[in-house]
Amino acid sequence: MTLWTLAQRAEKMNPSVIREILKVTEKPGIISFAGGLPSPRTFPVEAFAQACARVLETDGRSALQYAASEGYRPLCEWVAHHLPWDVSADQVLITTGSQQGLDLVAKVLIDGGSRVLVETPTYLGALQAFAPMEPDIVGVNSDTEGLDIDDLGCKSPGARFLYVLPNFQNPTGRTMGEARRQILVERLAAVGVPFVEDNPYGDLWFDHAPPLPLSARNPEGGIYLGSFSKVLAPGLRLGYLVAPKAISPKLLQAKQAADLHSPSFNQRMVAEVLKDGFLDRHVPTIRALYKHQCAVMLDALAQDMAGLGVQWNSPDGGMFLWVRLPAGLDAITLLPKAVNKGVAFVPGAAFFAGEPDPRTLRLSFVTASEEQIRVGIKALAEAIREALP
């Protein structure tokens, strides 16, 4: 007999499919294209070692103390200064990873039964963050550039907000073009639906920076989420949220209730690393590495998937590409067969708010070596070939 009675919202909480798959990839010899993990080769260890020493030497007691919920002021100012629209540091809230930003948005904006619009497919972590608030999550039809504006118009009446990742989307790697962004912002403003713009990958472009954020086009109509995880290190668990002044006090109150504040020592270390233009020197090295890794995977796919009826896209940045299996195959069923051959991926079904496409899967190209990519794609092709009807 259990003593514990779960809240109804707890029933809406489910384990991350990706986290469960990552447990499988810990087996020796498995080449993983599953995790959305930045390459450890990009972590600026020496820069943080120096910043750690400086922070402890110059302001150690404050760095180890409780701090303001809003975040370390110099870091908030850095964020505000580096965004491509007019932002006050008072609008910036430092979060414990951008994932916490999604949790705060859910708590402040979603009631049970609220209509929340998302892309098809969308980021699994957002679906997990929203689900405990018991919304009606509605997937908007999407193509290679993102949201279908006409379908958005049909589904927008009564929506609390639209959640969207315009840059190198997780899971598909697609990017929303200039024309689509402008139409989207105008259409949302016309129907009175705000947006939540998630941009953890926007700095990871290969050849050309993506168009201006949605938030730069309508600052009062959106909440913007950013992250230091993909350009510095995810273990620091630091992100940020930029909100219109009309909504930022409530988000701050939700933050205070959640964790009081994000780690003050980590915030000061990041501010110390960033203060001399470090990202301008560091991020290009990440872009170059990821561009090369992506090219290797695309080449391997072209060679090994020839004649199998497999489709994939060619992203302009980020960490992922999206694959569609030939008719008759199911990515969830294929996964254990692939693991038996030494390679893992994420089935795409988990990324859909509505009816999933069972033929889809996500591949990450950033953590495996060039040799592992070629070996892993060849193994995946063998698994597909053997599974074909």
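Find the eigenvalues of the gyration tensor of the Cα atoms of segment 104-217, then list the square roots of 5 times those eigenvalues as equivalent ellipsoid semi-axes, largest first, in whole angstrom.
On the way: eigenvalues 98, 52, 30 Å².
Taking √(5λ) for each eigenvalue gives 22, 16, 12 Å, largest first.
What list of ³J(HN,Hα) couplings, whole Hz, do you get for segment 277-289 from phi and the Karplus terms 6.51, -1.76, 1.60, once you set θ to phi - 60° and write x for glycine and proline?
Values per residue, Gly and Pro as x: x, 4, 4, 4, 8, 7, 4, x, 5, 5, 4, 5, 5 Hz.
What whole number of Å gives the distance from the Cα centroid of segment 247-271 to the Cα centroid of segment 281-321?
Cα centroid of segment 281-321 versus Cα centroid of segment 247-271: 36 Å apart.
Could you give the longest part of the chain that holds none of the GluC sites (Glu not before Pro) found in DSSP loops with at most 16 neighbouring Cβ atoms within 10 Å?
Numbers: sites that count: Glu26, Glu145.
In short, 146-389.
Could you tell me, in Å, what Rg and Dmax come out for the Cα atoms of segment 220-364?
When restricted to the Cα atoms of segment 220-364, Rg and Dmax are 20.3, 56 Å.
Where q = 0.13, 0.16, 0.18, 0.24 Å⁻¹, what log10 of I(q)/I(0) comes from the Debye formula for segment 288-389, counting one point per Cα?
Summing over Cα pairs of segment 288-389 leads to -0.42, -0.64, -0.81, -1.42.
Can you run phi through the Karplus equation (6.51, -1.76, 1.60; θ = phi - 60°) for segment 307-321 and list ³J(HN,Hα) in whole Hz, with x for Gly and Pro?
x, 8, x, 8, 10, 8, 9, 10, x, 9, x, x, 10, 9, 9
Please list Ile247, Ile373, Ile183 from largest to smallest accessible area, probe radius 1.4 Å, with all protein chains kept in place. Don't skip to the answer; put the middle values down first.
Numbers: Ile247 40, Ile373 0, Ile183 80 Å².
If we order Ile247, Ile373, Ile183 from most to least accessible, we get Ile183, Ile247, Ile373.
Can you list the HN-Hα couplings for segment 237-253, worked out from phi with the Karplus curve (6.51, -1.76, 1.60; θ = phi - 60°), rounded to whole Hz and with x for Gly and Pro?
So the Karplus estimates, Gly and Pro as x, are 6, 10, x, 7, 10, 10, 10, x, 4, 5, 10, 4, x, 5, 5, 5, 5 Hz.
How much accessible surface does Met305 have with a 1.4 Å probe, in Å² rounded to 10?
In the full protein context, Met305 sits at about 10 Å².
Longest exposed-loop-site-free stretch of the chain, with trypsin sites (Lys or Arg not before Pro), DSSP loop and at most 15 other Cβ within 10 Å? Numbers along the way, then the final one.
Working: sites that count: Lys245, Lys275.
That gives 1-244 as the longest site-free run.
With a probe of 1.4 Å, find how much accessible area segment 244-358 has per residue, and write the answer as a whole number in Å². Intermediate results must be reported in sequence, preceding the final value.
Working: 4840 Å² over 115 residues.
About 42 Å² of surface per residue is accessible.
Sequence-distant or interchain residues sharing an amide H contact under 5 Å with Arg115, placed H: which?
Asp136, Arg160
Viscosity 1.567 mPa s, temperature 4 °C: what is the translational diffusion coefficient of segment 136-286 from Stokes-Einstein with a Kirkwood Rh over Cα pairs, rounded to a whole number of µm²/s?
Value of D from the Cα-based Kirkwood radius: 76 µm²/s.
Calculate what fraction, in whole %, of the accessible area of segment 69-137 sits on carbon and sulfur atoms when a 1.4 Å probe is rolled over the protein chains.
Of the solvent-accessible surface of segment 69-137, carbon and sulfur hold 46 percent.
Using alpha-carbon pairs under 8 Å, 6+ residues apart, how would you state the relative contact order of segment 275-368 in percent? Each step should come with its number before you reach the end.
Working: 104 pairs, mean separation 26.4, N = 94.
Relative CO of segment 275-368 lands at 28 percent.
So what's the chain giving for Cα Rg divided by 2.2 N^0.38 Å, two decimals?
Details: Rg = 21.1 Å, N = 389, 2.2 N^0.38 = 21.2 Å.
Compactness ratio reported: 1.00.
What is the ratio of the Cα radius of gyration of segment 210-272 to 2.2 N^0.38 Å, where N is its residue count, to two decimals? Don't jump to the answer; show the numbers that get you there.
On the way: Rg = 13.5 Å, N = 63, 2.2 N^0.38 = 10.6 Å.
Working it through for segment 210-272, the quotient is 1.27.
The values are calculated or read from the model by the stated rules, or taken from the named source; none is laboratory data. Remember, it's a predicted structure, so these values are computed and weren't measured experimentally. Glycine gets a Cβ as well: all are built from the backbone with ideal geometry, and neighbour counts include every protein chain shown. Note: accessible area is taken over every heavy atom of the protein model, side chains too, but ligands, DNA and RNA are not part of it. Shrake-Rupley method; radii C 1.70, N 1.55, O 1.52, S 1.80 Å.
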